[in-house]
Amino acid sequence: MVIVHHLNNSRSQRILWMLEELGVPYEIKSYQRDAQTNLAPKELKQVHPLGKSPVITDGAITIAESGAIIEYLAYTYGKESMLPPMGTEAHRQYSYWLHFAEGTLMPPMVAKLVFDKVRANAKPFFVKIIANKIADKVMGGYFGPNITANMQFIEQHLASHTWFAGEQMSGADVQMSFPLEAAVSRGAAQQFPHIAAFVKKVHDRAAYQAALARGGKYDYA
């Protein structure tokens, strides 16, 4: 039995979705973010030393990191449904987007989230002015252009592909879903219609809805 150590409003929601797509029986052990810090609770460190989600256990096997979990589930349970054949262009695309999601797309998005929080929480007034100027300079000179370039690249790809690895859904789509859900929830839909259409297509799937029902409240849905 696969056990998913599931943190609310986190990357672990996409693991539930993948398991539903695969039809693999699983159990959920739920954790809630700290109301003050928004970080995962310390109890997760009993499962993995870094104390982050998602983590799964499958018998004696413990796996952390979304990409590693998705690869494991695809190779173990979904070779026919979620993993394009080795040596094909579809598999090369699958591998690329699986790594792109966390290696290229997420870091500047997380940085933007951090700077947005700095702006919102900076006090007193003169500190807020300085914090805003620093945030504006860093975002305008580096993270902002990178986010825009990444989103334009994804939009262009989705304009000519049904799914990220071609005509068949794969683990790459599961991996890419979380950052694109976050982007659309923050207003990217009008500027990037193909990304918005991808997110809607994901949300409309029966397996995704089943994962939501099991996983609980998820702000990006």
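Among the listed pairs 133/217; 42/137; 112/200; 42/117; 79/117; 52/117, those with a Cα-Cα distance over 30 Å are 133/217; 42/137; 79/117. The dipole here belongs to the stretch 1-85: it is taken about the Cα centre, uses +1 on the Cβ of Lys and Arg and -1 on the Cβ of Asp and Glu, and is about 320 debye. Once the mean of 1/r is taken over each pair of separate Cα atoms and inverted, the chain shows a Kirkwood hydrodynamic radius of 18.5 Å. Computed over protein heavy atoms with a 1.4 Å probe, the accessible surface of the stretch 24-67 works out to 66 Å² per residue.
Three principal axis extents describe the C-alpha atoms of the stretch 53-122; from largest down they are 50, 34, 14 Å.
Charge tally around residue 91: other residues with Cβ under 15 Å, Lys/Arg +1 each, Asp/Glu -1 each, net -3.
Ordering 184, 198, 113 by the projection of their Cα atoms onto the charge dipole of the stretch 112-221, which places +1 on the Cβ of Lys and Arg and -1 on the Cβ of Asp and Glu, puts 113 at the extreme positive end. If you take all other residues with their beta carbon under 10 Å from the beta carbon of residue 163, and give Lys and Arg +1 and Asp and Glu -1, the sum is -1.
Our summary gives the chain a relative contact order of 25 percent, counting only alpha carbon pairs under 8 angstrom and 6 or more residues apart. Diffusion of the stretch 91-221 by Stokes-Einstein, at 10 °C in a medium of 1.306 mPa s and with Rh set to the Kirkwood radius over alpha-carbon pairs, works out to 98 µm²/s. Each Lys and Arg Cβ is given +1 and each Asp and Glu Cβ -1; about its Cα centre, the chain then shows a dipole of about 1040 debye. Taking every DSSP beta bridge that has both ends in the chain, the antiparallel portion is near 60%. Estimated purely from DSSP H runs of n ≥ 4, each contributing -39500 (n - 2.57), the mean residue ellipticity at 222 nm for the chain is -16500 deg cm²/dmol once divided by its residues. One Cα centroid belongs to the stretch 123-200, the other to the stretch 1-71; the line between them spans 24 Å.
Estimated translational diffusion coefficient (Stokes-Einstein, Kirkwood radius over Cα pairs, 25 °C, 0.890 mPa s) of the stretch 177-221: 228 µm² per second.
The values are calculated or read from the model by the stated rules, or taken from the named source; none is laboratory data. Being a predicted model, the structure only gives us computed values, none of them experimental. Cβ coordinates were reconstructed from backbone atoms using ideal geometry, including for glycine residues, and neighbour counts include every protein chain displayed. Accessible surface areas use protein heavy atoms only, side chains included; no ligands, DNA or RNA. Shrake-Rupley method; radii C 1.70, N 1.55, O 1.52, S 1.80 Å.
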